[in-house]
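Rule-based calculations on the coordinates, nothing more; no lab input. Owing to the predicted nature of the structure, the values given are computational and were not obtained by experimental measurement. Here the Cβ positions follow ideal geometry from the backbone for every residue, glycine too, while neighbour counts run over all protein chains shown.
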Amino acid sequence: MKDKIVALEREIIKETIKTSDEQEKFRIRYLGSKNIIKELFLEIKNVPNEEKKEVGMLLNNLKQIAKKKHDSFVPEARSKDKKQTLDKSRPAEEYKLGSRHPLSLIRSQIIEVFSRIGFVVSDGPEIEDDWHNFSALNFPPEHPARDMQDTFFIKNSNKDMSLRTHTSSVQVRVMENESPPIRTISPGRVYRNEAISPRAHCFFHQVEGLYIDENVSFADLKQTILYFAREMFGEKTKIRLRPSYFPFTEPSAEVDIYWGLKTESDYRITKGTGWLEILGCGMVDPNVLENSKIDSKKYSGYAFGMGIERIAMLKYGVKDLRLFFENDVRFLDQFTSGI
Ligand code: PHE
């Protein structure tokens, strides 16, 4: 038995390990689950009792020698050699997948819902002249929305310029450049000079829609809004229209969806009514059509506009609008888009 151990020791010492393959072969032969040192351990039972202890020690020693020899070879890429600090064999660091911003998710969803019924996206500048943001939309010169409190005017410009207060300005541009039928939605950022609070910000995002064709009626508008509300908030969603006022539509309405009054928070966000306002809409005022050289005797149209933040707050139960703009990853991480 002792002879066998000595012979094996010599064999191990003579072994050379120069590659990872050789190292693996070595491991299997001397350290693996069925290695030859283990086999010798099993033979201890045949050794006379008085030698058992010594043989055991020799075998343990042999195991250590094999282990040391095995560990002495370090594949080049892993060695801490000063010249070689880049370890190409290490697993790549895991990339943290980002997620889309909740406002982008809702914007895409709104666009998707309207594009299914033929609306195309239009885009325009955020810095607008008075004509596109106000005058063409039938705002009387003294209308309060032109007041400094609502609008960010841009000083030192020779024209009356401001940051657009709604994306209806884009629709004026579409009406000027295209002829009916027009079916467009304009998503984009808008600016209003308002105090920042959980419910208001000095900039936010809108999607506004415009449809102009022959014989467009209020019933078309109502049905389109109902379709949108059901796609967005569920099949059984109920809507109601309340009369309202906008300079560019007549008649005008505000649309509420029925939110319910089941929980305390339902009471709070609907102010006890169960209804929540989601958008403004109306039939395009003939003056607006004429301003863009569209024959108001031949054509009629409807328009609507909504705040993306508001829809996102309702869909995701977000209580403070400011969260959308702070870019706190703890908030944003909750919106994984699966893309
Ligand atoms: N432009 C309006 C706003 O910014 C919304 C609106 C659009 C209302 C179209 C009626 C028709 O609030």
task: Would you work out the relative contact order for the chain, in percent, from Cα pairs under 8 angstrom that are 6 or more residues apart?
output: 15
5 angstrom amide H check on residue 203, placed H, neighbours 5+ away: 192
message: Need the list of aspartates and glutamates near residue 96 for cross-linking: C-alpha distance under 18 angstrom, and skip anything on the same chain fewer than eight residues off.
response: 328, 333
For the chain, radius of gyration divided by Kirkwood radius, i.e. Rg to Rh on alpha-carbons: 1.43
message: On a straight-distance basis, which aspartates and glutamates could pair with residue 38 in a cross-link, Cα separation under 15 angstrom, same-chain partners fewer than 8 positions away excluded?
response: 9
- prompt: Hey, can you rank 85-94, 233-242 by average C-beta count inside 10 Å, highest first?
  reply: 233-242, 85-94
statement: Taking the dipole of the chain about the Cα centre (Lys, Arg +1; Asp, Glu -1; charges at Cβ), the one of 331, 49, 152 that reaches farthest to the positive side is 49
- prompt: In debye to the nearest 20, how big a dipole does the chain give about its Cα centre with +1 on each Lys and Arg Cβ and -1 on each Asp and Glu Cβ?
  reply: 2220
message: List the residues, sorted by chain then number, that are 5 or more residues from residue 279 or on another chain and whose placed amide H is less than 5 Å from its amide H.
response: 255
query: Which peptide among 46-54, 290-298, 131-139 comes first, and what is the full order, when sorted by highest mean count of other Cβ atoms within 10 Å?
result: 131-139, 290-298, 46-54
message: Could you give the length gained by full extension between residue 50 and residue 154, i.e. 0.36 nm per residue of separation minus their alpha carbon distance, to one decimal place?
response: 27.2 nm
- prompt: Does the range 10-154 classify as rounded, prolate or oblate by the C-alpha gyration tensor (a ≥ b ≥ c root eigenvalues; a/c under 1.5 gives rounded; else a/b over b/c gives prolate, otherwise oblate)?
  reply: prolate
task: Provide the packing ranking of 312-319, 37-44, 208-215, i.e. peptides ordered by the mean count of other C-beta atoms within 10 Å per residue, highest first.
output: 208-215, 312-319, 37-44
message: Here is the link list: 2/25; 238/315; 14/45; 18/69. Which ones come out longer than 20 Å on Cα distance?
response: 2/25; 14/45
task: Report, by chain and number, residues whose modeled amide H sits under 5 Å from the one on residue 122, excluding near sequence neighbours (fewer than 5 apart, same chain).
output: 185, 186
task: Report the dimensions of the range 214-339 along its three principal axes from the alpha-carbon atoms, largest first, rounded to Å.
output: 53, 31, 26
- request: Rounded to whole Hz and in sequence order, give me ³J(HN,Hα) for the range 276-283 from the Karplus expression 6.51 cos²θ - 1.76 cosθ + 1.60, θ = phi - 60°, writing x for Gly and Pro.
  value: 10, 6, 10, 7, x, 7, x, 8
